[in-house]
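Here's the structure, in structure tokens; my notes come after.
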Amino acid sequence: MVIKKYFMILLYFFLASGILCAESSEEYKKLLKKVDANVTFDKSDLSAEYTIVKRDPGGSASTTVAAMFRRDKADQFLILVLEPVSDKGKGYLKIGDNLWLYDPVGRSFTFTSARERFQNSSARNSDFNRSNFSNDYRPVSGRREKLGRFDCTVLELEATNTSVSFPKMIIWVSDNDNLVRKIEDYSLSGQLMRTTAVPSYQKVGNLWVPQALVILDHLNSKVISGKTEYERTTITIKNPSVAEIPDSVYTKEYLEKVNTR
């Protein structure tokens, strides 16, 4: 009788734990949808100017300035490099699952990958995509944590498809606005690849765009004076706009035409 009672208590405990886990998982999925909704411009275009500064560990810095045009409802973007002069006119065009790199010197297009580094920085081409956490990842655990002045929900995510740049990540989402404040990207084996901090956002209409991002590349480091320094890329986003952009901008012809002016 005692054994049966003990077994029933254990069974109740495990069932209750399963229910709680299921409820938590659903809440985390809802949170991911809120995160996406806050930064997805599905009712308008989005354009902005990106200044990307890459600093090598213990070395020099290089700067890239680019114009970005994004149409989230059609899963499209076009990025036109404005500086440095040596790269001026290079372009990236994404239409659905296809991503091309345009070389103005050879006037040629080549397929590239969302996983590739953008202009040899710590940023990846996928960083310019619309936010798609809720479709590309599933939450496997969550916890509460303070990040600086932000009270956050921390979610550990695993990819649901192979098209993403990183199969695992951990994100910190601030409570008051459901915005991502920090991301840790991991390989399938669990190696930390990148850390991204998003210290500030700017409001565009009813939605949000990061004002600045700082990316540390954990695969590119150097010990200097006894301290490990990582490749660091700082991205500043200026002049965001939701003004309508002509359909012709999201074409190969546009990149070819803009380089003949």
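The values are calculated or read from the model by the stated rules, or taken from the named source; none is laboratory data. This is a predicted model, so every value here is computed, not measured. Cβ: placed from backbone, ideal geometry, glycine included. Neighbour counts: every protein chain shown. Each accessible area value is taken on the protein alone, full model and side chains, heavy atoms only, with ligands, DNA and RNA left out. Shrake-Rupley method; radii C 1.70, N 1.55, O 1.52, S 1.80 Å.
List of remarks:
- In segment 92-118, the residues that are closer than 23 Å to residue 194 by Cα and in contact (Cβ under 8 Å) with a residue 24 or more places away in the chain form Cβ pairs under 9 Å with partners that are surrounded by 15 or more Cβ atoms within 10 Å (Cβ to Cβ) and of a type in the set (Lys, Arg), at six or more places apart or across chains, as follows: 114/94; 114/124; 115/124; 118/124.
- For segment 234-250, filtered to residues that are open to solvent by 80 Å² or more (accessible area, probe 1.4 Å) and touching a residue at least 60 places away in the same chain (Cβ under 8 Å), the residue that is farthest from residue 61 (Cα to Cα) is 244.
- Checked across segment 171-189, the condition of being in contact (Cβ under 8 Å) with a residue 40 or more places away in the chain, touching a helix residue (DSSP H, G or I) at 6+ places or on another chain (Cβ under 9 Å), at positive phi and not in a helix (DSSP H, G or I) holds for at least one residue.
- Whichever residue in segment 43-102 is basic (Lys, Arg) and part of a loop (DSSP other than H, G, I, E, B) and, among such residues, is most open to solvent (accessible area, probe 1.4 Å): 43
- The set of residues in segment 131-150 that are open to solvent by less than 80 Å² (accessible area, probe 1.4 Å) and either under 18 Å from residue 25 (Cα atoms) or among the charged types (D, E, K, R) (or both) comprises 132, 133, 134, 136, 137, 139, 140, 141, 142, 145.
- Meets criteria (out of contact with any Leu (no Cβ under 9 Å at 6 or more places or on another chain) and in contact (Cβ under 8 Å) with a residue 12 or more places away in the chain) for residue 139: no
- A single member of 18, 91, 96, 59 is closer than 19 Å to residue 235 by Cα and at pLDDT below 95, and it is 59.
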